[in-house]
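Sending over a structure as structure tokens; questions will come in a sec.
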């Protein structure tokens, strides 16, 4: 029996769903624990930052890092864990692309601060109190981390070896990654640990789909047929441009793909490619009309294009997040 | 001169936090602060999004309690679309919701808070976790724990597509009906969860209630809080997770208020603390008087103990018996002991399992009338549910074309923030003397936030930055210079 590997799990700006995804491996986690010791995992274990700082460099074999970088504490931990780990995996959509909280890059910090601490209808704050990075309490000084202006995926801050996509990653993909690690079978550095094919290529609803989109509808306007391709029902589905391997979980819940696995390798910019994909399926009967005013009118029926096409990828997208002053 | 002890990060909870304990020159605790260092910003970036995306967007506030946010959002949309879900849809929502409570309460007892009791509060830190629990209770029981937590998740997956971040809630109903095959699977799982909840209550009795050292901690009056209690109830004032009016009781257990969620702004308000990113809520009629308890302080507790205190019983027989046993043991109502949260949570685990079984065997649960699409559009809507850790409010204003105009969220851990900070302070004062601390002692301080099962990811859904910074950028956006106050 070879020596046990040493693992770490950390969360930065995240929701905790990635930790739950690890627990959702259920009894298979017991197999993982036979082959690896977990040294650091704040959700489940009492290891403190000081204990991690005391580890020799490259002490952990693999660190699974979920969450994006939103403040100075998270950036420090990213650097610390990079230094203490041989392999760093960006685990889940937040670390990979910024995910839904990356939509915060559409707004200014001051705008958000003002809203949360003074404008919300339930807030009573006549003195305009706000949390302070360096605060004073009667007994001394207390500090909070410095908040950054933007949400950043992990690889904007440190070198990342692998990416596990999804919000949260699907259990079979986590287990595939574990197997690859234990068998010394990891692909080349920088790889996304998931299939390269688009969701449409594996979707059960795609069997007979003619890929025609007659109109653009919102999900509350129709009762979607659970057997028919969403695009054919007029519902925007990110399946054509989104990496598969998720197990069609949303589709099984009768909800269109919203893109959490990120773009396939050939797609590049997920949102841009989806807009062109839509242009080609909308009223596809009339080939001449693809770039015509009718198609444009239908495309304009897609409400909130940024939130629709870049729901998970805005913080990592090629488009500018918001107008800079 | 005062010295300080820092616990960073606090562990075995959902999200981030640290504790600063200040000691005076005799080594006695002057004060302790639980700070939440994280923020994200959902209330702002949801503005401009499609209303129907809110159940998905806000579920990313918390991956531990996504179902709570998902359905608080869905109920806010029901209100804003002026529509009631069909009877089948309502039952399906309740079923998924009780599956979620099963999973979340098992997670807390066995993985997060319970190891302190099962393994021991001052056991070596390498053992104070699920692995230590497995060692202690044996592999056979460990497999039962893993199986039943998974059952809770599986119920969400069957009904909601994804176990974490489900997709089933739409205004007026559900996206998906339940097949007979799925129903049978859920019935089998729910039946097994009822037995497992009873087993867990028995385990709590054997390990905790029969241990005099633990009971001394639980019954120490200095380690409790006399604050108001809040929770959702049904028409007979029994604990209700998915729907019902919000009830508040006072320090004597008398009803102080009973209101519809949509009127929340008349009853609660939020106070901003300058040393934490999380605000503290209080009862508007009493006011914010600082981090103190008693009838003149507007602080209240939510979550399992808050709910049990604010209710008159449980709606299923086994859970109701467990409820009565808890209050009989303490001989008082409300129960103020912070560590009693663990017991209250297990009473609720049994209720959630029993209720899930009732719903799974309801002949109407496999109906296909899952959507009511007769909308009567309104400009705003409030949705309230009981998250595993307490009352959760979502409030949206919508534009005419059903886009989000503004969002206000008051989450369970914000409701509990004042009491959690107080409990940590009182525990530090009671447990630390003459400057003597050990890993085990500091862990016992942590036990007093852990009991609440706080979710800092939820509480830090807001985002901000406390200093004024002026960015000077070139026209292409590159930062040239930054001026900070």
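Throughout, read-outs are computed from the coordinates displayed, never taken from laboratory work. The shown structure was predicted, so the numbers you read here are calculated from the model rather than taken from an experiment. All Cβ positions, glycine included, derive from the backbone under ideal geometry; neighbour counts span all protein chains shown.
So what is the 222 nm mean residue ellipticity for chain B from helices alone, if each DSSP H run of at least 4 adds -39500 (n - 2.57) and you divide by all residues, rounding to the nearest 500 deg cm²/dmol?
-12000 deg cm²/dmol
Counting only Cα, what are the radius of gyration and maximum Cα-Cα distance Dmax of the range B:210-258, in Å?
Considering the range B:210-258 through its Cα atoms, Rg and Dmax are 14.7, 40 Å.
Also: Rounded to the nearest 0.05, what FRET efficiency is calculated for residue A:125 and residue A:228 with R0 set to 45 Å and r the Cβ-Cβ distance? Could the numbers behind the result be given before it?
Working: r = 51 Å, r/R0 = 1.13.
Calculated value: 0.35.
Based only on other Cβ atoms within 10 Å, what is the fewest-to-most ordering of B:452, B:33, B:267?
Details: B:452 29, B:33 23, B:267 20.
With the sparsest Cβ surroundings first, the list reads B:267, B:33, B:452.
Can you compute the helix-only [θ] at 222 nm over chain A? Use -39500 (n - 2.57) per DSSP H run of at least 4 residues, normalise by all residues, nearest 500 deg cm²/dmol.
My calculation for chain A gives -7000 deg cm²/dmol from helical runs alone.
Quick check: the distance between the Cα centres of the range B:125-203 and the range B:54-115, to the nearest angstrom?
After rounding, the separation between the Cα centres reads 14 Å.
Find the Rg to Rh ratio for chain A, where Rh is the Kirkwood radius over alpha-carbon pairs and Rg uses the same atoms.
Using Cα coordinates only, the ratio equals 1.02.
On to the next question. Please compute the average number of Cβ atoms from other chains found within 10 Å of each residue's Cβ in peptide B:42-55.
Across B:42-55, the average partner-chain Cβ count within 10 Å equals 6.
Please work out the Cα convex hull volume for the range B:386-459 and give it in Å³ per residue.
Details: hull volume 6.8 nm³, N = 74.
With only Cα atoms used, the range B:386-459 gives 92 Å³ per residue.
Compute the separation of the alpha-carbon centres of the range A:299-317 and the range B:1-39 and state it in Å as a whole number.
Each part's Cα centre sits 41 Å from the other's.
If you take the beta carbon distance between residue A:175 and residue B:266 as r and set R0 to 45 Å, what does 1/(1 + (r/R0)^6) give as a FRET efficiency, to the nearest 0.05?
0.35
Right, another one. With the calculation restricted to Cα positions, what are the radius of gyration and Dmax of the protein assembly as shown in angstrom?
In order Rg, Dmax, the Cα atoms of the protein assembly as shown give 25.2, 85 Å.
Kirkwood Rh, Cα Rg: Rg to Rh for the range A:199-316?
Details: Rg = 13.4 Å, Rh = 14.4 Å.
In the range A:199-316, Rg relative to Rh is 0.93.
Now for a different question. Using the number of other C-beta atoms within 10 angstrom as an exposure proxy, rank A:243, B:324, B:389 with the fewest first.
Fewest-to-most Cβ neighbours within 10 Å comes out as B:324, A:243, B:389.
List A:204, B:453, B:376 from most exposed to least, where exposure is judged by having the fewest other Cβ atoms within 10 Å.
The order, fewest Cβ neighbours first, is B:376, A:204, B:453.
Residues in the range B:234-249 near a label at residue B:285, defined as backbone nitrogen under 17 Å from the 7 Å Cα→Cβ point?
B:245-249
A further question on this structure: Each label point is 7 Å from the Cα along the Cα-to-Cβ direction; what then is the distance between the points at residue B:213 and residue B:254, in nm?
Placing both labels 7 Å along Cα→Cβ, they lie 4.2 nm apart.
Another question, then. Just to be sure I understand the model, the point goes 7 Å from the Cα along the line to the Cβ. What's the resulting residue A:156 to residue A:50 distance in nm?
3.4
If you stretched the chain out fully between residue B:328 and residue B:378, how much longer would it get, using 0.36 nm times the residue separation minus the C-alpha to C-alpha distance?
13.3 nm
Antiparallel DSSP bridges in the protein assembly as shown: what percent, to the nearest 5?
Beta bridges within the protein assembly as shown, antiparallel portion: roughly 70 percent.
So for each of B:19-26, A:28-35 I average, over its residues, the number of other beta carbons within 10 Å; can you give me the resulting order with the highest mean first?
Ranked by mean Cβ neighbours within 10 Å, highest first: B:19-26, A:28-35.
Further question on the same structure: Ranked highest first by average number of other Cβ atoms within 10 Å, how do B:47-53, B:230-236, B:165-171 line up?
B:165-171, B:47-53, B:230-236
Mind jotting down the three principal axis lengths of chain B based on Cα atoms? Whole angstrom, largest first.
69, 65, 43
Still on this model: State the extension gain, in nm to one decimal, for the chain segment bounded by residue A:185 and residue A:111, taking 0.36 nm per residue of separation less the distance between their alpha-carbons.
21.9 nm
Here is a follow-up. Given C-alpha coordinates of the range A:108-148, what is the ratio Rg to Rh with the Kirkwood estimate of Rh? Walk me through the numbers before you get to the answer.
Details: Rg = 12.0 Å, Rh = 11.7 Å.
My calculation puts Rg/Rh at 1.03.
Separate question: How far is helix A:171-182 tilted off the main Cα axis of chain A, in degrees rounded to 10, range 0 to 90?
On a 0 to 90 degree scale, this one is about 50.
For the range B:345-398, how big is the tail of P(r) above 14 Å, as a whole percent of Cα pairs?
Tail of P(r) above 14 Å: 73 percent of Cα pairs.
Could you tell me the extents of the range B:1-108's C-alpha atoms along the three principal axes, largest first, rounded to whole Å?
Taking the Cα atoms of the range B:1-108, the three principal extents are 64, 35, 18 Å.
In nm, to one decimal, how far is the residue A:86 label point from the residue B:195 one, both placed 7 Å along Cα→Cβ?
4.4
Strictly greater than 20 Å: what percent of every Cα pair in the range A:57-128 meets that?
Everything past 20 Å amounts to 49 percent.
Let me ask something additional. Estimate the FRET efficiency between residue B:127 and residue B:430 by the formula 1/(1 + (r/R0)^6), using the beta-carbon distance for r and 22 Å for R0, to the nearest 0.05.
Using R0 = 22 Å, I get an efficiency of 0.35.
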